[in-house]
Amino acid sequence: MNKDTGTKFSLHAQDGLARRGQVTTAHGVIDTPAFMPVGTVGSVKGLLPEQVAASGAQILLGNTYHLMLRPGAERVGRLGGLHRFMNWPGPILTDSGGFQVMSLSALRKMTEEGVTFRSHLDGSKHLLTPELSMEIQHHLDADITMAFDECTPFPATYPEAESSMERSMRWASRSKQAFQPRPGYGLFGIVQGSVHEDLRRRSVEALIDIGFDGYAVGGLAVGEGQETMLQVLDFTLPLLPAEHPRYLMGVGTPEDIVKAVQRGIDMFDCVIPTRAGRTARGYTPRGTLNLRNARHQEDSRPLDEACSCPACIGHSRAYIHHLFRAEEMLGPILLTLHNLHYYQSLMSGLRQAIEEGALDHFVQAFREQQALGDIPKTEAGT
């Protein structure tokens, strides 16, 4: 990338393999390690942008596939881009649409040109290519554009994984050629290769040869399990250039994030905290709560007494339990708010620990608290 264009990454501290840095974009700075809430169709479900920002989030994720189908990328562009359209002034990263085409479209045909598919909304026929994905993400005004790739399914045979990876690398080259460089706007390549070390190595080498502002590890969190995912990270991350941010796509649980940060990942996204909030699951330092559980119905404590989110400051577990039982929309809203605050608090703690050279202590305390589990109401003395 031209040194005068693209996003900029600065590395401020390291503790072991873990990194503390900043990504500078056209719409602001992202402190890393960072977690990106998912706003697939231009909205983090149930929340105002101001509420998402108040959780500590600095960047959101949008999606090419969904936004191209509805309301249409050109329309968003005419209305001032995704930042203005959804009233989010900070950085936005857009997924290229490759994963959604593979996972949501029952009727699809892949060729070297791209993927022809039928919309999951109305069955209409569309063609998505690397060039069109770059054009759509340009209309959306994404600060970070993702190269168009094929997300290799799991499990896949070695020949299938090799063929998929090689196609993704050809599409990565076409994505780079079609991308319009501007100051503060970056293009990230995506490493593929399934669980095979030699394929991941070849993928990294191809992407570095093309040249990107950042490098994502794709094709994980698709059913391979945490142990395998970590093994792939262990042999992939040392191959990536240290001067660029590293993004682990679609991950994950708090434990996943902590272990990936220890290995050198800088950026994450996942639907888990928001989806969990809509299904009555709340994340806390002492594990996950099911707010539908009857044990919460007379519990006057907040979800987490140390948390400063609106759900914890103003509402009890009993109230949130009642909202879910009564199917009131405020229940999912409050729990989504809390989960995003918890995730951002975790990221803030990781960043501080790396700065202080105290990551091992932080991780040990994290695991000890998680292992303790929630304190029952009777033991808490309430």
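Coordinate-derived values only; no laboratory data. The structure displayed is predicted, hence computed values, not measured ones. Heads up, the Cβs are rebuilt from the backbone with ideal geometry, glycines too, and the neighbour counts pull from every protein chain shown.
Sort 360, 209 so the one with the fewest other Cβ atoms within 10 Å of its own Cβ comes first.
Values: 360 13, 209 10.
Fewest-to-most Cβ neighbours within 10 Å comes out as 209, 360.
Which order do peptides 33-42, 57-66, 231-240 fall in by mean Cβ count within 10 Å, highest first?
Details: 33-42: 22.1, 57-66: 24.5, 231-240: 17.6.
Descending mean neighbour count gives 57-66, 33-42, 231-240.
Only counting other Cβ atoms within 10 Å, I'd like 10, 345 sorted with the fewest neighbours first.
On the way: 10 13, 345 19.
The order, fewest Cβ neighbours first, is 10, 345.
I need the shape label for segment 276-372. Rule: rounded when a/c is under 1.5, else prolate if a/b > b/c, else oblate, with a, b, c from the alpha carbon gyration tensor. Don't skip to the end; give the middle numbers.
On the way: a/c = 2.67, a/b = 2.09, b/c = 1.28.
Here segment 276-372 falls in the prolate category.
Step through the residues of segment 18-29 one at a time and calculate ³J(HN,Hα) from phi using the Karplus curve (6.51 cos²θ - 1.76 cosθ + 1.60, θ = phi - 60°), rounding each to whole Hz and writing x for Gly and Pro.
For segment 18-29, the Karplus-derived couplings read 6, 10, 10, x, 9, 10, 9, 10, 5, 10, x, 9 Hz, x marking Gly and Pro.
For the chain, build the charge dipole from Cβ charges (+1 Lys, Arg; -1 Asp, Glu) around the Cα centre, then report which of 358, 72, 311 sits farthest towards its positive end.
Most positive-ward Cα: 72.
How high is the relative contact order of the chain, given as a whole-number percent (alpha carbon pairs under 8 Å, six or more residues apart)?
On the way: 762 pairs, mean separation 67.4, N = 382.
Averaging sequence separation for qualifying contacts and normalising by length gives 18 percent for the chain.
I want the antiparallel fraction of DSSP beta bridges within the chain, as a percent rounded to 5.
Working: 24 of 47 bridges.
Expressed as a percentage, antiparallel bridges in the chain total about 50.
HN-Hα J couplings of segment 284-300 from phi, Karplus 6.51/-1.76/1.60, θ = phi - 60°, integer Hz, Gly and Pro as x?
For segment 284-300, the Karplus-derived couplings read 9, x, 9, x, 9, 9, 9, 6, 7, 5, 4, 5, 8, 5, 10, 9, 7 Hz, x marking Gly and Pro.
How much of the DSSP bridge set in segment 168-295 is antiparallel, in percent, rounded to the nearest 5? Display every interim value, and only then the final one.
Details: 5 of 14 bridges.
Bridges in segment 168-295 are about 35 percent antiparallel.
Name the cysteines of the chain that stand alone by the Cβ rule: no other cysteine Cβ under 4.7 angstrom.
That list is 151, 270, 309.
Which far-off residues, 5 or more places away or on another chain, put their amide H under 5 Å from the one on residue 13, with H placed in the peptide plane?
Counting only residues 5 or more places away or on other chains, the set is 20.
Using a cut-off of 10 Å between beta-carbons, work out the net charge of the residues near residue 94 (Lys and Arg +1, Asp and Glu -1, residue 94 not included).
Every neighbour counted, the sum reads -3.
Using a Gaussian network model on the chain with a 10 Å cutoff between Cα atoms, which of 189, 357, 225 fluctuates the most?
225
Ignoring the sites themselves, what is the longest stretch of the chain with no GluC sites (Glu not before Pro) in a DSSP loop and at most 14 other beta-carbon atoms within 10 Å?
On the way: sites that count: 112, 113, 243, 298, 305, 327, 328, 356, 379.
The reported range is 114-242.
Would segment 67-205 count as rounded, prolate or oblate if I go by the C-alpha gyration tensor, calling it rounded below 1.5 in a/c and otherwise prolate when a/b exceeds b/c, oblate otherwise? Don't skip to the answer; put the middle values down first.
Details: a/c = 2.24, a/b = 1.40, b/c = 1.59.
Note, shape of segment 67-205 comes out oblate.
Suppose every K and R has +1 on its Cβ and every D and E has -1 on its Cβ; what is the size of the dipole of segment 8-270 about the Cα centre, in Debye to the nearest 20? Numbers along the way, then the final one.
Values: 23 positive and 30 negative charges, 136 e Å.
Computed about the Cα centre, the dipole is about 660 debye.
What ranking do 348, 194 get, fewest neighbouring Cβ atoms within 10 angstrom at the top?
Working: 348 14, 194 25.
Lowest to highest Cβ neighbour count: 348, 194.
From the backbone phi of segment 229-243, what are the Karplus-calculated ³J(HN,Hα) couplings (6.51 cos²θ - 1.76 cosθ + 1.60, θ = phi - 60°) in whole Hz, Gly and Pro given as x?
4, 5, 4, 4, 5, 4, 9, 8, 4, x, 7, 7, x, 5, 7
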